[in-house]
1. Tell me yes or no: at least one residue of the stretch 6-14 is exposed (fewer than 10 other Cβ atoms within 10 Å of the Cβ) and either in contact with a strand residue (DSSP E or B) (Cβ under 9 Å, 6 or more places away or on another chain) or touching a residue at least 24 places away in the same chain (Cβ under 8 Å) (or both).
2. Across the stretch 20-29, what is the number of residues that are exposed (fewer than 12 other Cβ atoms within 10 Å of the Cβ) and hydrophobic (A, V, I, L, M, F, W, C)?
3. So which residues in the stretch 23-44 are β-branched (Val, Ile, Thr), out of contact with any Cys (no Cβ under 6 Å at 6 or more places or on another chain) and within 24 Å of Ala64 (Cα to Cα)?
4. Is the stretch 37-48 home to any residue that is surrounded by 10 or more Cβ atoms within 10 Å (Cβ to Cβ), assigned to a loop (DSSP other than H, G, I, E, B), at pLDDT 80 or above and within 11 Å of the chain's Cα centre (by Cα)?
Amino acid sequence: MRDSKEQIVHRNYLKVGDIIKINTGMHIPVDGIVIYGIGIQCDESSMTGESEHLTKECFHKCLAR
């Protein structure tokens, strides 16, 4: 979603404030906040060198801690 409208935008043209739906296996070159998701794991090896997938939590769960 961009400007309160659903749009199709190539991943290279994502902007701050866009809300995107991510499906299994997608490669998204952005940093962001997870609004909703279950069992989310990310491969951040290209940035951090970590060999394991890292588990992500939803925004509201992070605030509750």
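The values are calculated or read from the model by the stated rules, or taken from the named source; none is laboratory data. As the structure is a prediction and not an experimental result, all values here were calculated from the model. In this analysis, Cβ positions are derived from the backbone assuming ideal geometry, glycine residues included, and neighbour counts consider all displayed protein chains.
1. Scanning the stretch 6-14 turns up no residue that is exposed (fewer than 10 other Cβ atoms within 10 Å of the Cβ) and either in contact with a strand residue (DSSP E or B) (Cβ under 9 Å, 6 or more places away or on another chain) or touching a residue at least 24 places away in the same chain (Cβ under 8 Å) (or both).
2. If we filter the stretch 20-29 for residues that are exposed (fewer than 12 other Cβ atoms within 10 Å of the Cβ), which is where we start, we get 21, 23-29.
Filter once more, keeping what is hydrophobic (A, V, I, L, M, F, W, C): 26, 28.
Residues that pass the stated criteria total 2.
3. Across the stretch 23-44, the qualifying residues are Ile33, Ile35, Ile38, Ile40.
4. Yes, that holds for at least one residue.
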